[in-house]
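What follows is one structure encoded as structure tokens, with my remarks underneath.
The values are calculated or read from the model by the stated rules, or taken from the named source; none is laboratory data. Everything numeric in this text was worked out from a predicted model, so none of it was measured. As a convention, Cβ positions derive from the backbone with ideal geometry for all residues, glycine included, and neighbour counts pool all protein chains shown.
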Amino acid sequence: MVLVGANREIHAAAIAAGYRLIMRGKPVARRADELDASQWWSQSRVLALQWEKLERLLEHAYRQVPYYRQAMLERDLTPADIRTPADFAKLPILTKALINEHQADLFAANADRAKVIRTASGGSTGVPVTVYHDPAFVAAYQAVKLRNFGWAGWRPGRAWVRLWGSQFDVKPHQVLKQRVWDKATRVRVMPCFDMTEATMAVYAADLMQNPPDVIEAYVTPMYHFARFLEERRITGIRPRGIICSAEMLFDHQRATIQRVFGCKVYNRYGGREMGDIAHECPEGGFHINAENYFVEFVRDGRPAAPGEPGDILLTALDLYSFPLLRYRVEDVGSPADGLCACGRGLPLMRMVEGRVQDILTLPGGRYLPGEFFPHLFKDFDMAQFQVVQETLDHLTVRMVRGPRLTGDQIAYLTQRIHEYTGGTVTVDIEFVESIPATASGKFRYTISHVPPDFSRTREPAGV
Ligand SMILES: [Zn+2]
């Protein structure tokens, strides 16, 4: 449907009214309103709220969560002793291995187990981890997303597009919930695990015909898509903003995407297990969503100074059923001093090192983003993995196998890989004791030695 002039305005007003109706009275809407207001508070007021929420969470963790109660008792601490960030740093760091090992003790005794939502993540270093969310956390998580979408130009009720991974084997009730949310927020998903030159051409035509306010995407597929459009001289896709996430965003990638789509690229830092931690504002400040998260940057056991790289530790302030305090997400960032020109009081940070992914170039003009593998593997028992594409038609999957990973599961995973790589790629699975980091010290879980080449196979473009 192509709308022009006044028609478009009436349509937009109707959509906005419909959106308000759908969202009315929902916890996420209430929370989104609060977050819209608090972003403009002074930084000291934001930090005071953040600390107050942290104290409340600590009190709860001490009373209700066996893992934290024991951690505090062992250190001779009660919540009342934790008065400053330095006191808080006396609590142990929570690693992925510890989460997987102490699942039962991390649940709050008063958690409503019927309502918790199991969330697995492929992790940023090829180490899968499973956490549990609850409805209050989900409302907070979604509300902060809506706020950040607003920064990128999204208006309530308007469409947005996700160039994103598909879900494997989700339960029907979760699919339904997701559909309702997608409908309410008017999101269209363009699966990036099924990227061929033909599907990219279809996505391009759709984006031109039904322009969304915002496109949300993994960095590598978005960059790949931009290069495809440029190569094919397809122009005229003009969203208001593009949000890139889940990987490091390099300057050359940002420049290409901005040139092709004619809008600003907004960097976002977050993950499935915690939600959106930080997001770029229109002025380019990388703001921490500080009402929802307490973020530490630790270097050699002490807080990193502004501008100094440190290990990122995250505390989710709204997650009570399965509290995550000082979660070591295995990314590197630094705190940044000062205030942003936009006037928001939310503190600033910088990413130093995050996930770096390659995209696999496959026979027949197919492409598969590196995110496919953590997405596929996250529910299976493996301590670590790495995928290496040596040639166009050969992949090696290395796994540090966990004791609960069965032969049937390996067969299932192999079959799924075949399905998504087009069937003609040979896949070797190797079980290894450990997987070393790259020479730079950074772990990469998808490495391809076959660069994308849009002239290798020409399929009918359709536009
Ligand atoms: Zn700002």
Open item on the list: Can you list residue pairs whose Cβ atoms sit under 7 Å apart, with the first residue in segment 44-65 being without any contact (Cβ under 8 Å) to a residue 24 or more places away in the chain and the second being surrounded by fewer than 17 Cβ atoms within 10 Å (Cβ to Cβ)? Count only pairs 6 or more apart in sequence or on different chains.
Closed with: 62/69; 62/78
TODO: Return only the number of the condition from (1) within 16 Å of the ligand (Cβ to nearest atom); (2) surrounded by fewer than 21 Cβ atoms within 10 Å (Cβ to Cβ) that residue 285 does not satisfy.
DONE: (2)
Task: Verdict on residue 190 being touching a Leu at 6+ places or on another chain (Cβ under 6 Å), farther than 18 Å from residue 361 by Cα and at pLDDT 90 or above - done: yes
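One line per residue, one yes/no per condition, for (1) without any contact (Cβ under 8 Å) to a residue 12 or more places away in the chain; (2) assigned to a strand (DSSP E or B); (3) buried (at least 19 other Cβ atoms within 10 Å of the Cβ); (4) more than 16 Å from the ligand (Cβ to nearest atom):
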residue	(1), (2), (3), (4)
266	no, yes, yes, no
273	no, no, yes, yes
277	no, yes, yes, no
294	no, yes, yes, yes
307	no, no, no, yes
322	no, no, yes, yes
329	no, yes, yes, yes
333	no, yes, yes, yes
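So which residues in segment 367-416 are in a strand (DSSP E or B) and not hydrophobic (A, V, I, L, M, F, W, C)? Show your work before the answer.
We begin by selecting, within segment 367-416, every residue in a strand (DSSP E or B); these are 367-369, 382-391, 394-401.
Answer for segment 367-416, where residues must be in a strand (DSSP E or B) and not hydrophobic (A, V, I, L, M, F, W, C): 367, 369, 384, 386, 389, 390, 391, 394, 396, 398, 401.
How many residues, within segment 335-364, are assigned to a loop (DSSP other than H, G, I, E, B) and more than 25 Å from residue 131 (Cα to Cα)?
First, the residues of segment 335-364 that are assigned to a loop (DSSP other than H, G, I, E, B): 337-347, 354-358, 363-364.
Restricting the remaining residues to those that are more than 25 Å from residue 131 (Cα to Cα) gives 337-347, 358, 363-364.
Summing the residues that are assigned to a loop (DSSP other than H, G, I, E, B) and more than 25 Å from residue 131 (Cα to Cα) in segment 335-364 gives 14.
Each row is one residue, and each column tells you yes or no for (1) assigned by TED's automatic domain parsing to the domain that holds residue 319; (2) under 30 Å from residue 156 (Cα atoms); (3) of a type in the set (S, T, N, Q).
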position: 31; (1), (2), (3): yes, yes, no
position: 38; (1), (2), (3): yes, yes, yes
position: 76; (1), (2), (3): no, no, no
position: 99; (1), (2), (3): no, no, no
position: 111; (1), (2), (3): no, no, no
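Could you check, for segment 88-98, whether at least one of its residues is part of a helix (DSSP H, G or I), charged (D, E, K, R) and either touching a residue at least 24 places away in the same chain (Cβ under 8 Å) or closer than 29 Å to residue 297 by Cβ (or both)?
Yes.
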- [ ] Only residues that are buried (at least 23 other Cβ atoms within 10 Å of the Cβ) and hydrophobic (A, V, I, L, M, F, W, C): list them for segment 378-390, please.
- [x] 385, 387
Task: Restricting segment 255-264 to residues that are outside any loop (DSSP other than H, G, I, E, B) and away from the ligand (no atom under 16 Å from the Cβ), the residue that is nearest to residue 232 (Cα to Cα) - done: 260
Task: Hits in segment 335-377 (condition: away from the ligand (no atom under 16 Å from the Cβ), within 17 Å of the chain's Cα centre (by Cα) and surrounded by fewer than 19 Cβ atoms within 10 Å (Cβ to Cβ)) - done: 352, 353
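Test residue 225 against the stated conditions and say whether it is of a type outside the set (Ser, Thr, Tyr), under 18 Å from residue 446 (Cβ atoms) and at pLDDT 90 or above.
Details: of a type outside the set (Ser, Thr, Tyr): yes; under 18 Å from residue 446 (Cβ atoms): yes; at pLDDT 90 or above: yes.
For residue 225, the condition - of a type outside the set (Ser, Thr, Tyr), under 18 Å from residue 446 (Cβ atoms) and at pLDDT 90 or above - is met.
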